[in-house]
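Engineer: I have a structure here, written as structure tokens, and I will follow up with some questions on it.
The values are calculated or read from the model by the stated rules, or taken from the named source; none is laboratory data. Just so it is clear, the model here is predicted, and its values are computed rather than measured. Note that each Cβ is placed from the backbone with ideal geometry, even for glycine, and that neighbours are counted across all protein chains shown. Surface accessibility is based on the protein's heavy atoms, side chains included, excluding ligands, DNA and RNA. Shrake-Rupley method; radii C 1.70, N 1.55, O 1.52, S 1.80 Å.
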Amino acid sequence: MTTADNGFADLGLRPDILNALTTLGYEEPTPIQSEAIPPLLAGNDLLGQAATGTGKTAAFALPLLERIADRIGKGEKPLALVLAPTRELAVQVSEAVHRYGRHLGTRVLPIYGGQPIGRQLRELSRGVDVVVATPGRAIDHLQRGTLQLGDLQVVVLDEADEMLDMGFAEDIDAILNETPAQRQTVLFSATMPPRIDRMAKSHLREPVLIQIEREKTEPGEAPRVRQTAYLVRREHKPAALGRVLDVESPTAAVVFCRTRDEVDQLTETLNGRGYRAESLHGGISQEQRDRVMARLRGGTADLLVATDVAARGLDIEQLTHVVNYNVPSAPEAYTHRIGRVGRAGREGVAITLVEPRENSMLKTIERVTKTKIPVEKVPTVADLRARQLELTRSSLHESLLEDDLSRFRVVVETLADEFDVMDIALAAVKLAHEASGAAADEEEIPEVRPREDRPRRDGVAGPRRERRGPSEGMTRLFLGAGRSSGIRPQDIVGAITGETGLKGRDIGAIEIADRFSLVEVPGPAANDVIEQLRDATIKGKRVTIRRERQPR
Ligand code: AMP
């Protein structure tokens, strides 16, 4: 595909940016991008309601780059600032800005708590174009005079509702007060509570409003589709997909991916795992496309891995399953995709793999489509084995009913002289099972929790949960004193903030048991916290402190 027929070209982005998108394999703008990019390029402020997974990062990052393009790489002070609630998001956004802006030579710096401040100081003094920061760390730098906002042309508040929930309202006000009045301001939020309205009123000028939830599904219109979602971490997605496919054993399935690269990579991975997958995306010629379709229709391929664009107008009679390898970027895309199965009264299956951060987008889809999409556990190795045995059993059952087995009788009779008939049957089942190609997949895929269910700081007295791994990016420390020594969460927060450079809000969940406590701190700061607290006292007592031993 050349840049000319890339759907982004119509939005008015420059070739350097379009080329980056082509390299990334983006084939067309997502709905939020089509709606947000033109008004942002025209210089308007914007208030957008959109969750992660909609493509909102590119929706603000592309026009941001366009706006500052002529001054990139020239000055020292940042031209654009993105505020994000968590270190995780700050890193993601800065990577995205880096990818989109690489041909422009954009210098991007993420700054967040928990990372040594020295490195950030060095980078800032060398000059950066775009800073992506958590509000707390941005305030630190402002107070040190190391972050100067006088040249800012664009400010983005990303996941503003989360930032307010985390108590950053005042920090955000203070930061915005340091920025030039004529800046462009963009606010994205997954929800629009009154507090967000107030924030928009005080910091945005006649913003254009954008919401991605629009489609109303008429009752009764929904196709007969069994819908299921599986929550998995990104690194386990190929394995989880394989497992789900093994258990579902579809006649024919389409697996939807976001980009061309993802399509190519996943096709390769699936073929490597013994599936017969073909890829279809905008970079594929009509001739190849016809060949792929013929293979699918003729049953020599079972899986089609495709982008939305490439799958448009595709009608496959045998299709039983639609798989969303990511949560689609809009409810409309979800409805459209799953509408490809469940036709003509046949039951279809729609499967969605959800990364923890995409959970809120799944909720939006549920709300808009008015359907509950149950989140199920990825089948375990034991589930898979049980399913494979069931398949072997049913093919034996079919053979017993339908095949003429008389020519095998002599084999059974001869063996029966020596062995019990039951044992002979067992050996025959074993061979049949193995010959069916049942994969000996041993890899267990870990269960994960959605992001919003992670314990917050005040999770101490919250509902009892089974203890699992620490939140992403955090390390859990063990303290050898608990409730019986009168320790309260605020004592732990006080000790850590008093002895280290961490702020209260850098500290994660705290759990207090009778004789010990657990506290989450940002991973890179863990050693420092241990070091500093080793000689300190909590409630007048020296307390053992070490990394928590991982439960087996
Ligand atoms: P976001 O909602 O910004 O977190 O984006 C979700 C994911 O969609 C990211 O992995 C992006 O790289 C990807 N993405 C964003 N825009 C597009 C697009 N137009 N085409 C394909 N993928 C996209």
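Engineer: Among the residues of the stretch 35-58, what is the count of those that are more than 7 Å from the ligand (Cβ to nearest atom), open to solvent by 20 Å² or more (accessible area, probe 1.4 Å) and within 24 Å of the chain's Cα centre (by Cα)?
Structural biologist: Qualifying residue count, the stretch 35-58: 2.
Engineer: I would also like to ask the following. Hey, can you tell me all the residues within the stretch 14-34 that are free of Cβ contacts under 8 Å to residues at least 40 places away in the same chain and surrounded by 24 or more Cβ atoms within 10 Å (Cβ to Cβ)?
Structural biologist: Gln33 - this is the single residue of the stretch 14-34 that is free of Cβ contacts under 8 Å to residues at least 40 places away in the same chain and surrounded by 24 or more Cβ atoms within 10 Å (Cβ to Cβ).
Every residue, every condition in (1) more than 16 Å from the ligand (Cβ to nearest atom); (2) of a type outside the set (A, V, I, L, M, F, W, C); (3) in the same structural domain as Leu241 (by TED's automatic domain parsing), yes or no:
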position	(1), (2), (3)
Val341	yes, no, yes
Ala350	yes, no, yes
Val354	no, no, yes
Arg357	no, yes, yes
Met361	no, no, yes
Ile365	no, no, yes
Thr369	yes, yes, yes
Pro374	yes, yes, yes
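Engineer: Right, next: How many of the residues making up the stretch 475-487 are out of contact with any helix residue (DSSP H, G or I) (no Cβ under 6 Å at 6 or more places or on another chain) and either surrounded by 21 or more Cβ atoms within 10 Å (Cβ to Cβ) or touching a residue at least 40 places away in the same chain (Cβ under 8 Å) (or both)?
Structural biologist: 9
Engineer: Is it true that Thr23 is within 13 Å of the ligand (Cβ to nearest atom), part of a helix (DSSP H, G or I) and hydroxyl-bearing (Ser, Thr, Tyr)?
Structural biologist: It is true that Thr23 is within 13 Å of the ligand (Cβ to nearest atom), part of a helix (DSSP H, G or I) and hydroxyl-bearing (Ser, Thr, Tyr).
Engineer: Can you tell me how many residues in the stretch 186-209 are within 12 Å of Ala160 (Cα to Cα), open to solvent by 40 Å² or more (accessible area, probe 1.4 Å) and of a type in the set (A, V, I, L, M)?
Structural biologist: The total comes to 1.
Engineer: Hey, any hits in the stretch 251-272 for a residue that's in contact (Cβ under 8 Å) with a residue 40 or more places away in the chain and at positive phi?
Structural biologist: no
Engineer: Collect the residues in the stretch 234-265 that are open to solvent by 50 Å² or more (accessible area, probe 1.4 Å) and either among the aromatic types (Phe, Trp, Tyr) or away from the ligand (no atom under 14 Å from the Cβ) (or both), keeping them in residue-number order.
Structural biologist: Hits for the stretch 234-265 are Glu235, Ser249, Thr251.
Engineer: Another question, if that's okay. For the subset of the stretch 59-82 comprising residues that are over 14 Å from Thr106 (Cα atoms) and either touching a helix residue (DSSP H, G or I) at 6+ places or on another chain (Cβ under 6 Å) or modelled with pLDDT under 95 (or both), which member is nearest to the ligand (Cβ to nearest atom)? Spell out how you get there, then give the answer.
Structural biologist: First, pick out the residues of the stretch 59-82 that are over 14 Å from Thr106 (Cα atoms): 59-60, 82.
Keeping just the survivors that are either touching a helix residue (DSSP H, G or I) at 6+ places or on another chain (Cβ under 6 Å) or modelled with pLDDT under 95 (or both) gives 59, 82.
On the way: Ala59: 7, Val82: 12 Å.
Only one residue fits best here, namely Ala59.
Engineer: Considering only the stretch 86-159, give the helices (runs of 4 or more DSSP H) lying wholly within it that have at least 1 residues that are modelled with pLDDT under 90 and out of contact with any Ser or Thr (no Cβ under 6 Å at 6 or more places or on another chain).
Structural biologist: Filter on the stretch 86-159 gives 87-100, 117-126.
Engineer: Now, a different point. Any idea how many residues of the stretch 356-375 are part of a helix (DSSP H, G or I) and among the β-branched types (Val, Ile, Thr)?
Structural biologist: 4
Engineer: Can I ask one more? Residue by residue through the stretch 304-319, note down the ones that are modelled with pLDDT under 90 and more than 13 Å from the ligand (Cβ to nearest atom).
Structural biologist: Passing the criteria: Ala311, Arg312, Gly313, Leu314, Asp315, Ile316, Glu317, Gln318, Leu319.
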